1. Just how many pairs of Lys in the chain have C-alpha atoms closer than 23 Å, counting pairs that are eight or more places apart or on different chains?
2. At 222 nm, what value in deg cm²/dmol follows for the chain if DSSP H runs of at least 4 each add -39500 (n - 2.57) and the sum is divided by all its residues, to the nearest 500?
3. Give me the distance between the Cα centres of the stretch 200-272 and the stretch 85-127, rounded to whole Å.
4. Here are a few candidate values for Cα extents along the principal axes in Å: (i) 80, 39, 32; (ii) 50, 46, 39; (iii) 50, 46, 35. Which one was actually calculated from the structure I just gave you?
5. Please give the peptides 177-185, 202-210 ranked by average Cβ packing (other Cβ atoms within 10 Å per residue), highest first, as a rough proxy for protection.
6. Using unit Cβ charges (K, R positive; D, E negative) and no other charged atoms, how large, in debye to the nearest 20, is the dipole of the chain about its Cα centre?
7. Sort 91-97, 81-87, 32-38 by packing, meaning the average of other beta carbons within 10 Å per residue, with the highest value first.
8. Please tell me the relative contact order of the chain in percent, rounded to the nearest whole number, where contacts are Cα pairs under 8 Å and at least six residues apart.
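FYI, it's all coordinate maths here, none of it is from the lab. Since we're looking at a predicted model, the values are computed, not measured. Don't worry about glycine lacking a Cβ; one is built from the backbone with ideal geometry, like all the others, and counts go over all protein chains shown.
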Amino acid sequence: MPKVSAATPYRPTVAPPAQPLLISGIPEADVTALILGPLELSVAGRPVVRWSSLKARAVFQYLLIHRGRPVRRDVLMDLQWPNHTYTSARNNLNVALYSLRNTLEGPWQGLQPILYQDGCYVLNSEVKWWIDRDEFLSTLRKANLDRVSNHPITAISHYQKAVELYRGLLFEDDSTGDWYLAEQRHLNELCLQALEALGEIYLDLEEPASAQKFAQLALARDPCCESVHRLLMRCYAAEHKQQLVSRQYSICVKALRDELGVSPGTETLRLFHDLTSASS
């Protein structure tokens, strides 16, 4: 344990166990971290409602994303204290880790949630972790496998679970970091793909109303997603609602022009002509 000055962070405030996290059906774990959306952390069933050190939180976020992979001390120092001397950055990291270990303190009887080995930090695998990002990715893999294996009902179940897990952008309530922005965009794209997949499956099952619901949710995330606009056009055509086909195409044209300054691609234009000419 590092030597800490009078500025030692105090222990975080924790709420009673009666306060649940937002997602239902989370299995029991020593540490539960919801990072898709605002960060929510529960240690031994007690939600952490206030961080005593934002740097401790920032270090924890990095370790969460890299769970299972040792993170070099120098990486954390350069990331969080780039303009400090080596000694200053190392001392600040030690203080942040001391605060973080206090935050993660639980009835593990000697187990350290964060291990230091060979110049690296890693989350202790002997502590039972549940992280929504990991569950989200695992559930999507199952959904995609079910889909290509032609098991649409189980695919729907897994896609819907993934969409429920995705409460919002990765670390949505953190405006101080930028190292995770590429991963944030990637996860958001995966959620968009899951919504589109749900729409496609329901349309294949000849349930266009359900397909439309998920397509609209996808467009709420990305109004410029042409493939989802095409999906909606096909949904309306399946219901013989040609006026809605034309309206959706117009919405697509406007979104692309206003947001990106471009016109619909050849595939979208061809589909629109095929669907509208078929009704002539």
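1. Close lysine pairs under the 23 Å cut-off: 9.
2. Details: 10 runs with 151 residues, N = 280.
After summing the helix terms and dividing by the residues of the chain, the value is -17500 deg cm²/dmol.
3. First find each Cα centre; the distance between them is then 49 Å.
4. For Cα extents along the principal axes in Å, the calculated option is (i).
5. Working: 177-185: 13.2, 202-210: 15.0.
Order by mean packing, descending: 202-210, 177-185.
6. Values: 29 positive and 31 negative charges, 141 e Å.
Using Cβ point charges on Lys, Arg, Asp and Glu, the chain gives about 680 debye.
7. Working: 91-97: 19.9, 81-87: 10.7, 32-38: 21.4.
So the order, starting with the most tightly packed, is 32-38, 91-97, 81-87.
8. Here the relative contact order equals 15 percent.
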